[in-house]
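Single-structure report; data block below.
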Amino acid sequence: MKKTIITALILLLSLLPVLAMGNSEKNSEVTEVVIWHSAQGSNSDVFDSLIEEFNNTVGKDQNIHVESIYQGKANDVLTKVNAASGTSSLPDIAMMDATAATDMNASEYLVTIDALGVDTSKILESGLSSYTSEKGLLALPFNASALLYYYNKTLYDSLGLTAPRTIADMAYVASKTGLKDSNGKLTRAGFIGIPTTFELSTFIGAQNGISFMLDNRNGHDGGATKAIFKEEGTYKTFLQEWKKVFDTGFYSTATSGTTEEFTSGRAAAFLASSSKLATIINSAEGFEVGVAAVPMVNENATGGTVISGGALFAFTDNSAVKTVLEYLISADVQALWSEGTGYVPVNTDTYNTESYKAFLKENPLYSVASDSLLSSNPNMTNVWVPSAYSIYYSFQTNILNFLNGTDVDTTVSEMESIINSAIKTYRDQNK
Amino acid sequence: MREKKTTKKYHSQNKAYLYLLPAITVAALFYWYPSLKSIVESFLTVNQSGKILGFAGLDNYRRLFSDPAFINSLKVSLTFIALFVPANTFITLLAASLTRRPSRLSFIPEYIFFAPVAVSLSAYSLLMRDIFRGQASVLNNLLGTTFSGITSAAGAMAVLVVLGIFLDFGLDYILLICAFRSIDSSVVEAARMDGAGGWRLYWLVEVPMIKDTVLVTVFLALKDAILISAPIIILTEGGPFRSTETVMFYYYTEAFRSGNRGVQNALAALVLTLAALIMTIYTTYKKIKEER
C-alpha cells in the first residue's frame with residue numbers, strides 16, 4: 001500500500017511542471033505567436049534568423065514573441081494542420097502552398113488576410129490572385145517562387161549551347177548533352193524528371209496566352225467542378241511536345257533525388273523551383289549552375305510562368321499575428337529572405353531598394369525567377385484540386401505510361417477521369 | 001469457513017478485474033470505439049471535419065474499388081508480403097540457427113543481432129534513403145556501381161524488403177534464439193545417442209521443437225507486411241510511380257493527406273475484417289493443435 005501511495009505521489013509530482021507551464025503562459029504579458037514553417041535545409045536557417053530578428057526588435061517593443069517550428073514539407077504542414085484543426089495545438093500561422101488551398105478554403109478555423117486587415121497594397125498581383133478565392137485572400141504570399149530550368153552551364157558552354165526556349169529546343173539540347181556508355185546505358189541524362197501538378201500548372205497555363213487545368217479559374221472561384229484540359233487540348237499538346245525529349249533517349253524518368261543527380265553532374269538539366277537556387281548553387285560539384293525561364297510548350301504558349309511557392313495561413317485573429325505577418329512581407333525582410341534562398345520577393349518595393357538592386361547585380365541568377373514572373377500573365381494561377389497529394393503522383397504515373405507507349409488520347413482521358421472523380425468525391429462529401 | 005473462502009475468491013477476482021481495468025479502458029477507448037465507429041461510418045457520407053451528411057450505402061466501397069490507385073496498392077502489398085515474409089523468416093531463422101549453441105563468444109553475434117531493436121524506425125529509413133538514393137547514392141559512390149536504388153520500381157521494392165527485414169530482425173532473433181536455447185537438452189542428448197547429428201539433428205529434432213515460435217515470427221512478419229506504411233512515408237513516399245504504395249500507405253494518403261473520410265472508413269473496415277480473419281485462423285490452428 002505504501003508503495004502504491006509513493007508511486008502515485010511520484011506520478012503527480014512529475015505532472016506538476018506540465019501544469020505549471022500552462023499557468024505561466026496565461027500570466028505572462030508577452031503574446032506568443034507560433035508559426036509552423038516548411039523551409040528546408042539552408043532556407044530553414046534563413047527563416048529562423050528572420051524570426052530571431054523580429055523577436056529582438058519589433059517583438060521586443062510590442063511584447064510579441066514568435067516561435068517558429070519546422071514541420072516538414074509544405075504538404076506535411078497541411079497534414080498536421082488538418083489533424084490539429086479544432087484543437088489547441090493549431091498554430092497561429094502556418095506556411096503552406098497551393099495544395100493546402102482547397103482544405104483551407106473550406107476550413108472554419110482559417111482567418112482570412114482580409115479579416116486580419118493586413119495591408120497588401122504592395123504585394124505582387126499574381127501572388128495575391130494565386131491565393132484569392134470567393135472568400136477573399138486566404139493566405140499572404142510570403143515564399144513566392146517560379147519554376148526554373150536549371151542547367152549545367154559549364155557543360156552547355158563547352159558545347160556552344162544555350163538554355164532552350166521551347167520544349168522542342170529542350171529535346172535538341174538534351175540529345176547533345178546526354179551521354180551513354182558502350183553498353184548503351186545512360187551515364188549522363190540530358191534531362192531528368194517527370195513533370196507533375198506544379199510544372200503542369202505552367203505548361204498548361206501558359207498555352208494560348210492563358211489556360212486553366214480546371215474550371216472556375218483552376219478552382220479558385222468556388223472550387224473546381226471538372227478538369228478542362230481535355231476539351232481544350234492543352235494536356236495533349238504538352239504530352240506530344242514532351243515526348244520529343246523522351247525520344248532523344250537521353251531522358252531520365254527518375255522522380256526522386258533529381259536534385260542530387262543534377263548537382264553531382266549526372267544530369268545536365270532539370271526543372272525545379274527557384275526556392276532551391278541557393279541550395280543548388282552551393283551543392284553543385286565542380287560546375288557552374290545556369291538557370292533560365294521554363295521552356296515554352298510551343299510558340300503559342302506565351303502566358304509565362306505561374307507564381308508558385310508558399311503563403312502564410314493565419315488561424316488566430318489578433319493584432320500580434322497581424323504585426324508578424326506585416327513584418328514578414330515588409331520590403332527589407334523580403335529582400336533578406338530572397339537573398340538567402342532564391343525565393344522571389346513578394347513586396348514590389350523590394351525591387352526598388354538599393355541593397356536588393358546591388359545584390360541582383362552581383363548574383364544575376366536570382367533575377368531570372370522574378371523577371372520571368374513579372375513578365376508573365378498575372379492571371380495565370382496555381383491549381384486548387386482536392387486530393388492534391390494523390391493527384392501529384394497520378395500525373396507522374398500517367399505521363400510515364402504515355403512515354404512508355406500508351407496512346408495520347410487514352411492518357412488524357414485517364415487523367416481527366418482521375419481528377420474528375422477526386423473532385424466529385426470531394427464535392428459529395430463536403431456539400 | 002466455506003463462505004469466507006468464496007468471499008476471498010470474490011475479492012481476488014475483483015482485484016484481478018481492477019488490474020485489468022486500465023487495459024480494458026485503453027482498449028475500449030482507443031481500439032474498440034474507433035473500430036466500431038469506422039465500420040459504421042463506412043456506410044455513411046462523412047465530411048472532412050467529421051460531420052455526418054447522410055446514408056451512403058455501399059458507395060464508399062464502390063469508390064474504393066473503382067480507384068486504380070487502390071487496386072495498384074493491393075498488388076503492391078501482395079508483392080511485398082510475398083517477398084518479405086519468406087525472406088524475413090529465412091534470414092532470421094538462419095541467423096538464430098547458426099548462433100544457437102551458447103558459447104563464450106556468443107555475446108558478439110547476439111549483440112550485433114539484437115542491436116537493430118534499439119534503433120528507431122525513422123532513423124533506419126532515413127539511413128536507407130541516403131544509402132540507396134538513385135545513381136548518386138552513397139552505395140554507388142563507395143562501390144563504384146550503378147544500382148538505381150529507390151529511383152527504380154524494382155530497386156525501391158528491394159530496398160523496402162531489406163529495410164523491413166532490418167526492422168523485424170532484432171525481435172525475431174530474440175524470440176528464435178530463446179526458443180532454441182529452451183529446448184530440453186535431454187531430447188537433444190537422446191537424439192545424439194540415437195546417432196542423429198548435424199543437419200538431421202537440426203532439421204528433424206530442433207526445428208520441429210521451435211515450430212510454434214517460428215510460426216509466431218511468421219505471423220508477426222505478416223502483420224508488419226500488411227501494415228507497413230511509416231518506412232514508406234520516409235523512404236519512397238510510395239514512389240517511383242506508386243510502385244511502393246502499399247494498402248496502408250494508400251490509406252494514409254487518403255485519410256490524412258486528402259481528408260477522404262469515405263474511402264478511409266471503408267478501407268479501415270476492410271483491413272479490420274482481414275486482421276480479424278488472420279487472427280481467427282491463427283487461434284483456430286493453435287486450438288486444434290492443443291486439442292490433439
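The numbers here are math on the coordinates, done by the rules we state, and not lab data. Remember, it's a predicted structure, so these values are computed and weren't measured experimentally. Methodologically, a virtual Cβ is constructed for each residue, glycine included, from the backbone with ideal geometry; neighbour enumeration extends over all protein chains shown.
Run the count for chain B, please: Lys pairs, Cα-Cα under 29 angstrom, 8 or more apart or on different chains. Within chain B, the lysine pair count is 15.
A simple charge model with +1 on the Cβ of Lys and Arg, -1 on the Cβ of Asp and Glu and nothing else charged puts the dipole of chain A at about 1040 debye relative to its Cα centre.
The packing ranking of peptides A:146-154, B:175-183, B:121-129, highest mean first, is A:146-154, B:175-183, B:121-129, where packing means the average number of other beta carbon atoms within 10 angstrom of each residue.
Per-residue Karplus couplings for segment A:174-186, computed as 6.51 cos²θ - 1.76 cosθ + 1.60 with θ equal to phi - 60°, are listed in order as 4, 5, 8, 8, x, 9, 10, 7, 5, 8, x, 8, 5 Hz, Gly and Pro entered as x.
Total lysine pairs in segment A:201-352 at Cα distances under 28 Å, for residues eight or more apart or on different chains: 7. Label positions at residue A:62 and residue B:51, each projected 7 Å from the Cα along the C-beta direction, are separated by 3.4 nm.
Annotation: peptides B:157-163, A:333-339, ranked by per-residue average of other Cβ atoms within 10 Å with the highest first, follow the order A:333-339, B:157-163.
The mean number of Cβ atoms from other chains found within 10 Å of a Cβ in peptide B:254-267 is 5, as a whole number. The helix-only estimate of mean residue ellipticity at 222 nm for chain B, built from DSSP H runs of length n ≥ 4 each weighted as -39500 (n - 2.57), is -22000 deg cm²/dmol after division by the residue total. For residue A:148, nonlocal amide neighbours, meaning residues 5 or more places apart or on other chains whose placed amide H falls under 5 Å from its own, are A:272, A:273, A:274.
Between the Cα long axis of helix A:365-374 and the first principal axis of chain A there is an angle of about 90°, rounded to the nearest 10. Computed over the alpha-carbon atoms, chain A gives an Rg to Rh ratio of 1.02, Rh here being the Kirkwood radius from the mean inverse distance. Sorting B:282, B:251 by the number of Cβ atoms found within 10 Å of their own Cβ, with the fewest placed first, yields B:282, B:251.
Only one residue of A:55, A:372, B:87 has its Cα farthest out toward the positive end of the dipole of the protein assembly as shown, where Lys and Arg carry +1 and Asp and Glu -1 on Cβ, and that residue is B:87. For the peptide A:419-428, the mean number of other protein chain Cβ atoms found within 10 angstrom of a residue's Cβ is 3.
Relative contact order, whole percent, for segment B:27-121 stands at 12, derived from Cα pairs under 8 Å and 6 or more residues apart. Close amide H partners of residue A:68, meaning residues 5 or more places away or on another chain with modelled amide H under 5 Å apart, are A:35. Annotation: amide H-H contacts under 5 Å for residue B:45 (H modelled 1.01 Å from N, sequence separation of 5 or more, or interchain): B:53, B:54, B:55, B:56.
Within 14 Å, Cβ to Cβ, of residue A:353, how many net charges do the neighbouring residues add up to if Lys/Arg are +1 and Asp/Glu are -1?
-1
Decide, for segment B:83-239, between rounded, prolate and oblate: order the square roots of the alpha carbon gyration tensor eigenvalues as a ≥ b ≥ c, take rounded if a/c falls under 1.5, and otherwise choose prolate if a/b is larger than b/c, else oblate. Judged from the Cα gyration tensor, segment B:83-239 comes out prolate (a/c at least 1.5, a/b above b/c). Structural descriptor for chain A: relative contact order 23 percent, calculated from alpha carbon pairs under 8 angstrom and at least 6 residues apart.
Hey, got a sec? Which chymotrypsin sites (Phe, Trp or Tyr not before Pro) in segment A:380-415 land in a DSSP loop and have at most 10 other Cβ atoms within 10 Å? When the chymotrypsin sites (Phe, Trp or Tyr not before Pro) of segment A:380-415 are filtered for loop state and at most 10 Cβ neighbours within 10 Å, nothing remains. Label separation (residue B:16 vs residue B:287): 2.0 nm, computed from points 7 Å beyond Cα along the C-beta direction. Phi-derived couplings, Karplus 6.51 cos²θ - 1.76 cosθ + 1.60 at θ = phi - 60°, listed residue by residue for segment B:140-155: 5, 5, 6, 9, x, 8, 10, 4, 6, x, 6, 8, 10, 4, 5, x Hz, with x used for Gly and Pro.
In Å³ and rounded to a whole number, note down the convex hull volume per residue for the Cα atoms of chain B.
Per-residue hull volume (Cα only) is 227 Å³.
Run down the aspartates and glutamates and flag those whose C-alpha is under 13 Å from the C-alpha of residue A:153, throwing out any fewer than 8 positions away in its chain. Candidates past the 8-residue exclusion: A:285, A:288.
Taken one residue at a time, the phi angles of segment B:209-217 give Karplus couplings (6.51, -1.76, 1.60, θ = phi - 60°) of 6, 10, 3, 4, 5, 4, 4, 4, 5 Hz. Gly and Pro are set to x.
Label-to-label distance, residue B:71 versus residue B:58, with points set 7 angstrom from Cα along the beta-carbon direction: 1.7 nm.
Per residue of peptide B:47-56, the mean number of Cβ atoms on other chains within 10 Å of the residue Cβ is 4. Were the residues from residue A:84 through residue A:410 laid out at 0.36 nm apart, the gain over their Cα-Cα distance would be 113.3 nm.
Once C-alpha pairs closer than 8 Å and six or more residues apart are averaged by separation and normalised to the residue number of chain B, the relative contact order reads 28 percent.
Taking GluC sites (Glu not before Pro) across segment A:33-123, the ones in a DSSP loop with at most 15 further Cβ atoms lying within 10 angstrom of their Cβ are A:108. The calculated 222 nm mean residue ellipticity attributable to helices in chain A amounts to -14500 deg cm²/dmol, summing -39500 (n - 2.57) over DSSP H runs of n ≥ 4 and dividing by all residues.
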